[in-house]
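**Q** Input: one structure, supplied below.
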């Protein structure tokens, strides 16, 4: 019996290796209720199948839970080091869980790892209660953030994704949520983790449920989701040679089918598209004069790689144009937008990138301003 199981596992692994090595067809056939493939940088849709069809996201919901928390942490309202105490309600949740006990404490950081790696429902509820007081109030935050992102065909009623008729999303909306999540560096830190130990006594460890982390080169996120009603879902991302893609598949029956269909989508994208880079992140594009400042000039930079996703072999006709403000008055904050870089295709605008100040500059002291005036007078009269 065990020999047969081992043989089946080996054959299944070989099937995935074969699938990965085959070139993608000109078009791809995806066996799912809904699917989408987008470029993570621009949001351009590269493939879609019933992408606006409402479907149950199941535990893909937990990516939105992560987004809400990281957004509040970035605002300074919460810290990843603070303790989250497990309530009786949170400890009562079954399904995938960390088996939290009433009163047990973990840092918010570890709770988020349990939510993403182990899809822990009990940790999801504990975090929701810690952040908003109740799971229902946390769902309000989730829906507010969804609308802000543009995921208008989504409604969350809980933080974990256990089935509820009024808890739904779409492939397009989940792709938008995933794209938004990438603005937080912590997202990929969590979603790319393959393993984490949570307790020493009793020993408790969790492996990521996203098998693409092992099976697909370049994969580093995001989240699986499975219930009897939703079937098998996966929102995933992978990056190669500067091109990052986001795929979503929903409502797949076959065991491991959500991984297979995701790999087909990603193969399709990487075989047809490439990332054309114009400038690297932190490139300096010029200086703007600063009035009344501790310094007279400030550099303008881009904080991201400047580039676009294009069909392979179609990289002609592109150019860039830079527009900068001529003058800024101190004080100036770091990362203040003071210009833009425009990518053009055959003279038509394709995409804009903000040019921001490379540093903050304080208002000059009275002494410095007097010295500057005196120096300018000597220069003029010389």
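**Q** With angles folded into 0 to 90 degrees, how steeply does helix 366-381 sit against the dominant principal axis of the chain? Use alpha carbons for both and round to 10.
**A** Around 50 degrees separate the two axes.
**Q** Now for a different question. How far is the Cα center of region 217-261 from the Cα center of region 44-104, in Å?
**A** Answer, in whole Å: 17.
**Q** Given the Cα atoms of region 221-303, and with Rh set as the inverse mean 1/r over their pairs in the Kirkwood sense, what is Rg to Rh to two decimals?
**A** Ratio value, two decimals: 1.33.
**Q** Another question, if that's okay. Helix 135-149 versus the longest principal axis of the chain: what is the Cα-based angle in degrees, 0 to 90, to the nearest 10?
**A** Its long axis makes an angle of about 50 degrees.
**Q** Tally the DSSP beta bridges in region 280-381 and give the antiparallel ones as a percent, rounded to 5.
**A** Antiparallel bridges make up about 90 percent of those DSSP assigns within region 280-381.
**Q** Could you give me the percent of Cα pairs per 10 Å distance bin for region 37-79, shortest bin first, beginning at zero and ending with the bin that holds the maximum distance?
**A** 22, 30, 35, 12
**Q** Once both axes come from the Cα atoms, what is the angle between helix 2-21 and the longest principal axis of the chain, in degrees from 0 to 90, rounded to 10?
**A** Roughly 30 degrees between the two axes.
**Q** In region 120-232, how does Rg compare with the Kirkwood Rh, expressed as the Rg/Rh ratio over alpha carbon atoms?
**A** Rounded to two decimals, Rg over Rh is 0.97.
**Q** Cα atoms only: what Rg and Dmax, in Å, come out for region 280-381?
**A** 18.1, 61
**Q** Let me ask something else about it. Could you work out [θ]222 nm for the chain from helices alone, using -39500 (n - 2.57) per DSSP H run of at least four and dividing by all its residues? Round to the nearest 500 deg cm²/dmol.
**A** -10500 deg cm²/dmol
**Q** Using a 10 Å cut-off around each Cβ, can you sort 98, 80 from fewest to most neighbouring Cβ atoms?
**A** Listed from fewest to most nearby Cβ atoms, that is 80, 98.
**Q** I've got another one for you. What order do you get for 292, 263 when you list them from fewest to most C-beta neighbours inside 10 Å?
**A** In increasing order of surrounding Cβ atoms, one gets 292, 263.
**Q** Starting from a Cα-only point model with no solvent, please compute log10 I(q)/I(0) by Debye for the chain at q = 0.10, 0.11, 0.12 1/Å.
**A** -0.74, -0.86, -0.98
**Q** Can I ask one more? Among 62, 351, 223, what is the fewest-to-most ranking by other Cβ atoms within 10 Å?
**A** 351, 62, 223
FYI, it's all coordinate maths here, none of it is from the lab. What you are looking at is a predicted structure, and each value in this text was computed from that prediction instead of being measured. Every residue, glycine as well, gets a Cβ built from its backbone with ideal geometry; the counts of neighbours run over all protein chains shown.
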